[in-house]
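To start, the structure itself, in structure tokens.
The values are calculated or read from the model by the stated rules, or taken from the named source; none is laboratory data. The structure presented is a predicted model; accordingly, all values stated were derived computationally and were not measured. Glycine also receives a Cβ, built like all others from the backbone with ideal geometry; neighbour counts cover every protein chain displayed. All accessible areas refer to the heavy atoms of the entire protein, side chains included, with ligands and DNA or RNA removed. Shrake-Rupley method; radii C 1.70, N 1.55, O 1.52, S 1.80 Å.
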Amino acid sequence: MVSVVEEVRKAQRAEGLATVMAIGTANPPNCVDQSTYPDFYFRVTNSEHKIELKEKFQRMCK
């Protein structure tokens with residue numbers, strides 16, 4: 001059993017130098033303003049009753 005695991009690990013290892021094949025950026029299709037995000041998040045997750053947590057999250061987003 002141990003030798004099988006070692007064989008799999010050996011097969012998954014790359015040999016040679018590392019190469020960067022591409023560099024890119026990901027831009028989401030929508031944008032949410034940080035100051036309005038806590039209200040959005042707590043509304044969507046049906047958590048508006050968690051007032052203390054929402055206030056803490058609002059302070060974090062300021």
*Please report, to two decimal places, log10 I(q)/I(0) for the chain at q = 0.14, 0.18, 0.23 Å⁻¹ as given by the Debye formula with identical point scatterers on the Cα atoms and no solvent.*
-0.64, -0.73, -1.03
*Between residue 50 and residue 27, what FRET efficiency comes out of the Förster formula 1/(1 + (r/R0)^6) with R0 = 30 Å and r the beta carbon distance, rounded to 0.05?*
0.45
*asked:* Treating only the Cβ of Lys, Arg, Asp and Glu as charged (+1, +1, -1, -1), what charge dipole size does the chain show about its Cα centre? Round to the nearest 20 debye.
replied: 140
*How much accessible area per residue does the chain have, in Å², with a 1.4 Å probe?*
102
*Of all accessible heavy-atom area on the chain, the percent that carbon and sulfur account for (1.4 Å)*: 56
